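One structure is given here, and the rest of the page talks about it.
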Amino acid sequence: MAKLAVITGGTKGIGRAIIQRLAHEKFAIATCARNESDLQNLKKEINEQFPDCLIFLQPADLSEKKEVKKFSDFIRNLQIPTAILVNNAGLFIPGEIHKEEDGVLEQMMNTNLYSAYYLTRDLVAEMMLRKSGHIFNICSTASIVPYTNGGSYCISKFAMLGMTKVLRQEMKPHGIRVTAVLPGATYTDSWQGTDLPEDRFMAAEDIAETIWTAFSVSKRAVVEEILIRPQLGDI
């Protein structure tokens, strides 16, 4: 039977790199994004690289609870056991708490935290029945180091790390591994227009490879946290 990897926000950056890495390992892939044309471009690229890869797509805006539910129903209807869940969907709006527009906190909490919370709740029961599965939550160095102009993004990422720690404790007796991934500056679309050279950043493929390594350790072990930064430090 095929192994399923569910990756949210899979059309760009880290999500896309994770999909490519897991497709290489012969996983079936299920992903979502807001833009349907981006999803179709992703499918074309993956099928060109890995013709035998099963890839399932669902347009969804995970900042809305009903859209998370639609995506989780889509996953369950595939009737393929979820081996890996990567909660990667995220949003960054720069700003400071005392200057941010009303609604910015809610927007980032909905996207960066609640999407992962609700999707995990919907999919973890099946993992618990099988006593198998690995959940990766994409946090950030902003989960542990606050910075000016991080505002509500830092708040949401601190909360994501907290949720991951709680989930790890809950899932111990059920054989489900839970890993927090805390990347520093990674060269993705969010850094377009920067004056810094590309080699000052990590590559999205670095994050994907690290996730695969964490998944590959024996079932007797779990990598609880992955803190990964550019060699020259934070930007």
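The values are calculated or read from the model by the stated rules, or taken from the named source; none is laboratory data. A quick note: this is a predicted structure, and the numbers were derived from the prediction, not measured. Virtual Cβ from ideal backbone geometry, glycine too; neighbours counted across all protein chains shown. When the accessible area is computed, the model is the full protein with side chains, heavy atoms only, and any ligands, DNA or RNA have been set aside. Shrake-Rupley method; radii C 1.70, N 1.55, O 1.52, S 1.80 Å.
Using just the helices of the chain, give the 222 nm mean residue ellipticity in deg cm²/dmol: DSSP H runs with n ≥ 4 each add -39,500 (n - 2.57), and the total is spread over all residues, rounded to 500.
-13000 deg cm²/dmol
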For the chain, set up a Gaussian network in which alpha carbons nearer than 10 Å are linked by springs, and say which option among 41, 88, 110 fluctuates the most. 41
Note on segment 21-156: the mean projected area of its alpha-carbon convex hull, in nm², is 9.3
Listed residue pairs exceeding 28 Å between alpha carbons, taken from 43/219; 12/70; 3/44; 165/219: 43/219
Show 78, 167, 232 ordered by accessible area, largest first, where the area counts protein heavy atoms only and the probe is 1.4 Å. 232, 78, 167
Could you pull out every whole DSSP H run in the chain that spans at least 18 Å of Cα extent along its own axis and averages -0.5 or higher on the Kyte-Doolittle scale? 115-130, 151-171, 204-216
Taking only protein heavy atoms and a 1.4 Å probe, what accessible area per residue, in Å², does the chain have with all protein chains in place? 50
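With a 1.4 Å probe and all protein chains left in place, how much of the accessible area of segment 133-191 comes from carbon and sulfur atoms, in whole percent? Numbers along the way, then the final one.
On the way: 1260 of 2110 Å².
Using a 1.4 Å probe with all protein chains present, segment 133-191 comes out at 60 percent carbon and sulfur.
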Sorted peptide list for 146-152, 202-208, 156-162, criterion being average Cβ within 10 angstrom, highest first: 156-162, 202-208, 146-152
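Let me make sure I get this right: for the chain, a, b and c are the square roots of the gyration tensor eigenvalues over alpha carbons, sorted descending. Under 1.5 in a/c it's rounded, otherwise prolate if a/b > b/c, else oblate. Which is it?
Rounded, because the longest to shortest axis ratio a/c is under 1.5.
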One checks the Cα atoms of segment 50-126 and finds Rg and Dmax, in Å, of 15.1, 51
Sequence of 24, 174, 134 from largest to smallest accessible area, 1.4 Å probe: 24, 174, 134
Search the structure for amide H atoms under 5 Å from the amide H of residue 225, placed 1.01 Å from N in the peptide plane, and list their residues when 5 or more places away or on another chain. 180
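What is the sum of charges around residue 186, taking Lys and Arg as +1, Asp and Glu as -1, for the other residues whose C-beta is under 13 Å from the C-beta of residue 186?
Charge balance in the 13 Å sphere: -3.
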